[in-house]
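Undergrad: One structure follows; several queries about it will come next.
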Amino acid sequence: MKVCSVIAEFDPFHNGHDYLLKQARKLTNADVLIVLMSGNFLQRGEPAIIDKWKRTREALTSQADLVIELPISVSMQAAHLFAQGAVSMAAQLKSDYLVFGSEHPKLNYNFLVDQFKDLKFDKSEYAQSFAAQLFETLAQKTGIELKTANDILAFNYFLANKNNMTLIPVPRMEAEHSDHSLHFEHFASASAIRQARFENQDNFMDFIPEQTKIDLEGSVVNWDNLWPYLSYRLLSISEDELRQIYGISEGIENRIKAISPQKRDFATFLKVLKTKRFTYTHLQRLCLAIVLNLKKEQMLEQKSVFRILGFNKVGQQYLHYMQELNLPMISKIGKKEATGVYRTTYQVDQIYSLLTGEEQNIGRKPIILP
């Protein structure tokens, strides 16, 4: 049995994602296609535009056979930790292939990984404060620059691959990851689609499948919804309490407390908070960790669990194999899971529920499609 995994956020699921899944099926001839998908909070430090259940259905109506949630301890991490956690889960699922999108799929990522391993560099700080310096050093050594988000993730997937999975980068079509335009024929970036939806435009409809169109007709979520909660936290939390939040280091808590959130919005607050030392994405993750009250020990000690979000008949058959592998699987959440192995993800989902008015765990069962 050939198993192919795709690591994704699908924020939201668009034509490019549909193309990626179809290519994954075509290039690997896989018997089962598994999507390891971020939950309600994402790697760049933002809430998902629509919840994990809607995005699961969107993936299943394409090519996915089984959708499994990346827990918050994986999904809301810097690129190298995100890749380590997700690739590890793919390996535990006995995946033969890992397929992902890339702006430059023909880059020799294995060569870059070999060169990276020889760098004289404090890799324990990698992808935090020293990310830009690291890639600059790597570029000086190899002549190859990694600038786009997907190429950096691709590099980290290759770096994290310890189980000899075959990694297959698929070229992005038409729009690049950061392209905010909607002038292409079939494909647009997720960021362009999100921006258009937040501005209540409808010029993104040609770039998304039918199920996504249905889902985006409802309410959507962004940092504007979270800003009142962050404002409250910043006004009420002490510097000592801030130091316990995951990702807080190097005295950044002093700067955070010095900037009053009053009479600001999140974008303005972030611009004032920004320094050369930290990227916007890193600061967004810090702010999100503050809102979600994610403590350092929670994120470091929470073990990955395989939360089943949805499947079809093929995926259901594979679940039996997962049971034979003795993987820590969860199909529904009760008190035991909410206070145990799923505690941290359950905690953050409760906050997402405040934004949407929809319960995210208790009483929710996996989505099952034919």
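Undergrad: What dipole magnitude, in Debye to the nearest 20, does the chain give about its Cα centre under +1 on Lys/Arg Cβ and -1 on Asp/Glu Cβ?
TA: 760 debye
Undergrad: Ok, one more. Going through the range 1-45, which trypsin sites (Lys or Arg not before Pro) have at most 14 other Cβ atoms within 10 Å and a DSSP loop state?
TA: Filter output for the range 1-45: K2.
Undergrad: Now for a different question. Please work out how much length the chain gains when fully extended from D265 to E239, using 0.36 nm per residue of separation minus the C-alpha to C-alpha distance, in nm with one decimal.
TA: So the chain would gain 7.2 nm between D265 and E239.
Undergrad: Which order do peptides 87-96, 106-115 fall in by mean Cβ count within 10 Å, highest first?
TA: 87-96, 106-115
Undergrad: Once you have a ≥ b ≥ c as the square roots of the Cα gyration tensor eigenvalues for the range 1-130, tell me rounded if a/c is under 1.5, and otherwise prolate or oblate according to whether a/b is larger than b/c.
TA: oblate
Undergrad: Assign unit charges at the C-beta atoms only (+1 for Lys and Arg, -1 for Asp and Glu), then state the dipole size of the range 262-370 relative to its Cα centre in Debye, rounded to the nearest 20.
TA: So the dipole magnitude of the range 262-370 works out to roughly 500 debye.
Undergrad: Counting heavy atoms of the protein chains only and a 1.4 Å probe, report the per residue accessible area for the chain as a whole number of Å².
TA: Roughly 45 Å² per residue, with all protein chains present.
Undergrad: Report, for the chain, the % of DSSP beta bridges that are antiparallel, rounded to 5.
TA: 20 percent
Undergrad: Straight-line reach from K213: which lysines fall under 16 Å, measuring Cα to Cα and dropping same-chain residues less than 8 apart?
TA: Candidates past the 8-residue exclusion: K52, K54.
Undergrad: For the chain, give the percent of accessible area contributed by carbon and sulfur heavy atoms, probe 1.4 Å, rounded to a whole number.
TA: 48 percent
The values are calculated or read from the model by the stated rules, or taken from the named source; none is laboratory data. What you see is a predicted model, and the numbers here were worked out from it, not measured in a lab. Counting neighbours? That spans all protein chains shown, and the Cβs are built from the backbone with ideal geometry, glycine included. All accessible areas refer to the heavy atoms of the entire protein, side chains included, with ligands and DNA or RNA removed. Shrake-Rupley method; radii C 1.70, N 1.55, O 1.52, S 1.80 Å.
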